[in-house]
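Visitor: The structure follows.
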Amino acid sequence: MKTYNFCYEIGSLPSIIDFSLFVNEKNVLVQLFCGHGKEVLKYTSDVILSHLPNAICIGTTTDGEIYGESITTFRTIISISIFEHTFIKTAYAQDDDSFQCGMKLASDLITPNTKLLILFSDGTHMNAEEFLKGVETFDSTVPVCGGMAGDNGKFEQTYISSQHTLISEGVVGVSLNSDILQVATNYKFDWKPIGLTHTLTKVQNNRVYMIDDMKATDFYDKYLGGNFSQTEFPLILEKNSVTMVRAVIAKHEDGSLSYSGNLNEGDQVRIGFGDAESLMKDPIESLENLQSINTETFFIFSCMARRRFMPFLIKLGIGSFARTATTSGFYTYSEFYHHDGHNKLLNQTLTVVALSESEKSPLSAPHTNTDMNKKDTSYFRTFKTIESLTHLIEQSARDYEEQSKRLEEQMNYSENLLASHRQFLRYTVHEMNSPLSVIMGNIELHEMEFGKSVYLENIEVAAKSIFSMYDDLSYLVKKDHIHYMKQRIDLVDYVRSRIDFFAQVADKAKSMFLFESNLSEIYIFFNETKLQRIIDNNLTNAIKYTFENEQIIVSLHQEHDNCHFFIASHSRKIQEPEKIFEEYYREEQSQEGFGLGLNLVRRICKEENVKITLHSSENITSFSYQFKVLKP
């Protein structure tokens with residue numbers, strides 16, 4: 001076989017192609033890689049078929065063209081391949097169901113001796129992954145190559161053609177059928193994942209709506225800025241130990257993004273970044289499959305991102321193929337590849353097909369010293385800078401991952417420790433009630449039988465303090481698991497009963513309560529457990545901080561629809577009143593306690609819309625709580 005490449009810009013096509021060279025050939029394949037758009041694609045295919053009516057001609061619009069050692073844009077590359085022992089078929093398919101498109105095209109093209117399918121799909125509408133599944137379902141043994149059409153990065157409208165038929169949605173292809181044609185394929189992927197792992201949280205086929213519960217476009221804005229590159233920074237994920245890449249092919253008004261292949265909710269992805277050092281490696285040397293035949297023609301179908309990412313590096317890599325055999329191809333919106341009986345939709349890759357009808361042994365690939373090439377070019381300094389930046393990004397990402405793992409381990413340890421503490425607290429609270437009740441009960445029985453005892457009084461005072469702490473702990477443990485029901489409560493009677501409970505404790509602290517109310521009965525609608533936490537914490541704090549031999553004034557005063565519960569004590573001035581309700585804060589470190597009581601009171605008051613007023617001077621500190629009175 002032999003391939004001839006031509007580059008068309010403007011003017012008359014017959015002026016650059018001598019069609020007389022091909023008119024007598026029987027097996028002619030023409031591929032059109034058109035960077036001009038719809039009109040030129042139609043014009044070139046019609047002109048070629050008018051001069052070569054027996055030729056098989058397929059074409060596609062592009063995001064750049066490969067012409068020997070050159071990479072072009074807004075040009076049309078015409079690749080004419082002459083086969084001696086290969087029969088060529090062409091077909092196209094248009095169906096709303098991408099899978100069915102694949103089935104139909106495969107059934108029209110594949111024969112018992114098909115060696116290769118060259119396939120082009122439109123670049124914006126087709127679900128290419130489903131299309132390739134359809135081809136594979138019909139026959140999973142035939143290698144495929146090609147890719148999705150481009151439109152110079154606009155992602156608006158692409159075109160493909162088969163013979164005189166030009167279509168904007170669908171697929172076209174040719175089959176190469178032969179008993180002696182040799183085919184070798186390979187691909188090169190030079191992108192690496194960087195940064196955090198993210199989760200796709202809302203997906204439908206190849207359309208992603210939410211990433212980490214953010215709109216897909218907002219996600220890219222956050223990590224890449226508002227003018228992010230759709231193709232140079234793809235999503236990379238691993239499934240069944242296979243690295244997959246998905247690049248954006250379309251934005252939508254609702255903030256969702258369409259990708260070149262299917263994704264699933266729950267997929268763990270990372271943003272990809274081009275590896276400059278890998279891009280610089282000679283592809284002929286690294287793609288060993290291509291060295292298995294005596295190559296006469298290379299067809300290259302490469303991702304558009306590679307052309308746009310460090311263009312000078314990409315050009316150096318393409319040159320290696322052109323120096324070995326005639327080379328042509330185009331930059332795609334996604335690439336088609338076949339491996340181990342499965343058709344793959346690739347992104348960011350360089351896919352290569354080597355063809356030969358020669359029975360000679362493979363020739364050794366020309367050796368190129370890549371390191372010397374780098375030093376011999378004017379790009380060497382730029383390359384070294386990019387290489388260093390790439391290394392910096394990779395190392396920073398690795399360091400961040402290690403720190404994230406350590407942080408996760410510490411968080412897991414802390415969560416387990418906190419869970420253990422909560423469980424211990426629940427158990428302790430549960431077990432405290434019984435011995436406390438026994439202590440209090442036996443004190444009462446002893447007093448009934450033997451009378452008062454100063455020692456038992458001290459025990460009873462201490463037990464009541466423990467009871468108050470127990471009630472606080474019990475509420476804290478249960479508050480998130482129990483719904484506390486409200487009831488009608490006489491606040492006057494309730495406050496008096498709690499004063500009676502703590503009167504003995506106050507007496508031991510050499511202070512006393514003075515209680516007054518402007519009404520004999522004041523009713524509120526409240527939960528008794530929560531009310532007890534408010535009343536008890538204020539009474540015990542007053543006992544704890546009041547100077548010796550001073551009164552603690554407790555009053556209730558109803559005014560219209562509100563009742564004010566007021567408690568004042570002769571104590572030191574609160575120096576930082578804004579902190580007094582914070583957890584673990586204690587104004588006087590010498591006093592016992594955890595600093596949780598008033599924080600608990602504030603949380604309850606916030607839940608129940610109880611207004612708190614605090615006043616503190618050199619002699620008196622007072623707390624006032626405003627409750628809504630229950631109307632008769």
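The values are calculated or read from the model by the stated rules, or taken from the named source; none is laboratory data. Predicted model, so just to flag it, every value in this text is computed and none were measured. Here the Cβ positions follow ideal geometry from the backbone for every residue, glycine too, while neighbour counts run over all protein chains shown. Keep in mind that these areas ignore ligands, DNA and RNA; they rest on the heavy atoms of the full protein, side chains included. Shrake-Rupley method; radii C 1.70, N 1.55, O 1.52, S 1.80 Å.
Visitor: Give region 158-184 a look and list any residue that's open to solvent by 30 Å² or more (accessible area, probe 1.4 Å), over 16 Å from I110 (Cα atoms) and within 40 Å of the chain's Cα centre (by Cα), or say none.
Guide: Matches in region 158-184: Y159, L166, S168, E169.
Visitor: Mind checking whether some residue in region 599-615 is at pLDDT below 85 and assigned to a loop (DSSP other than H, G, I, E, B)?
Guide: The answer is no, given that none of the residues of region 599-615 is at pLDDT below 85 and assigned to a loop (DSSP other than H, G, I, E, B).
Visitor: Could you tell me how many of the residues in region 154-207 are among the aromatic types (F, W, Y) and under 30 Å from K405 (Cα atoms)?
Guide: 2
Visitor: Considering only region 168-185, I want to know if a residue exists there that is in contact (Cβ under 8 Å) with a residue 24 or more places away in the chain and closer than 30 Å to L224 by Cα.
Guide: no
Visitor: If we scan region 282-294, do we find a residue that is outside the structural domain of I211 (by the TED database) and at pLDDT 85 or above?
Guide: Within region 282-294, one or more residues are outside the structural domain of I211 (by the TED database) and at pLDDT 85 or above.
Visitor: Which residues, taken from region 509-543, are in contact with a Lys or Arg (Cβ under 7 Å, 6 or more places away or on another chain) and of a type in the set (V, I, T)?
Guide: Residues satisfying the conditions are I524, I535.
Visitor: Restricting to region 233-265, what's the tally of residues that are open to solvent by 10 Å² or more (accessible area, probe 1.4 Å) and either assigned by the TED database to the domain that holds C303 or in a loop (DSSP other than H, G, I, E, B) (or both)?
Guide: 9
Visitor: Have a look at V172, V183 and point out the one that is outside any loop (DSSP other than H, G, I, E, B) and in contact with a Pro (Cβ under 7 Å, 6 or more places away or on another chain).
Guide: On inspection, the qualifying residue turns out to be V183.
Visitor: When the residues of region 497-534 are filtered to those that are farther than 22 Å from N609 by Cβ and β-branched (V, I, T), which remaining residue is surrounded by the fewest Cβ atoms within 10 Å (Cβ to Cβ)?
Guide: I499
Visitor: OK, next. Within region 334-357, does at least one residue satisfy the condition of being open to solvent by 90 Å² or more (accessible area, probe 1.4 Å) and modelled with pLDDT under 85?
Guide: Taking every residue of region 334-357 in turn, none turns out to be open to solvent by 90 Å² or more (accessible area, probe 1.4 Å) and modelled with pLDDT under 85.
Visitor: Where the second residue is surrounded by fewer than 10 Cβ atoms within 10 Å (Cβ to Cβ) and modelled with pLDDT of 80 or more and the first is under 13 Å from G195 (Cα atoms) and lies in region 396-415, which pairs have Cβ atoms under 7 Å and are six or more apart or on separate chains?
Guide: Nothing qualifies.
Visitor: Of all residues in region 1-35, how many are within 27 Å of S175 (Cβ to Cβ), not aromatic (F, W, Y) and not in a strand (DSSP E or B)?
Guide: Residues that pass the stated criteria total 9.
Visitor: Evaluate the following for I567: is it at negative phi and part of a strand (DSSP E or B)?
Guide: yes
Visitor: Can you tell me which residues in region 106-157 are more than 29 Å from Q204 (Cα to Cα) and surrounded by fewer than 18 Cβ atoms within 10 Å (Cβ to Cβ)?
Guide: D108, T111, P112, N113, T141, listed by residue number.
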